[in-house]
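The values are calculated or read from the model by the stated rules, or taken from the named source; none is laboratory data. The structure presented is a predicted model; accordingly, all values stated were derived computationally and were not measured. Reconstructed Cβ throughout: ideal geometry from the backbone, glycine too, with neighbour counts over all protein chains shown.
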Amino acid sequence: MELVVEEGPAGVTRAALIGRMDIEGAQTVETPFRVLTRLRRALVVDLSRVSFMASMGLRTLMIGARAQSELGGKLVLANPQPNVEKVLKESGIGEIIGVYPSVEAAAAALSA
């Protein structure tokens, strides 16, 4: 699992996750992701290159969203692959965090 961070316009940061968000993948990105959520106030998590999402991956996303909320920020998810989107919907996390079809749509929602 890899985490690639890019600064975007209007103070929105894009965090692209790449790989499998299984136990090993979630553990790999957990610490840098936690630090990122404490440093940025508007964060789009790009899931377009996540091929698998397990419960540990969901946990990592929820912890990040909670940290953002506690610090007055917001985290949203963007562009999940169909199998990952299904997991987000079935777990209910997609409704809590917010899932958008593209990074641009997610960034626009954060900027609004």
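Taken over region 1-33, the criterion of being more than 20 Å from VAL103 (Cα to Cα), among the charged types (D, E, K, R) and within 13 Å of the chain's Cα centre (by Cα) is satisfied by GLU30 alone.
Could you list, in sequence order, the residues of region 28-59 that are of a type in the set (S, T, N, Q) and buried (at least 21 other Cβ atoms within 10 Å of the Cβ)? The one that is of a type in the set (S, T, N, Q) and buried (at least 21 other Cβ atoms within 10 Å of the Cβ): THR37.
Each row is one residue, and each column tells you yes or no for (1) among the charged types (D, E, K, R); (2) modelled with pLDDT of 95 or more.
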residue	(1), (2)
PRO32	no, yes
VAL35	no, no
ARG41	yes, no
SER48	no, yes
ALA54	no, yes
LEU75	no, yes
GLN81	no, yes
VAL87	no, yes
PRO101	no, yes
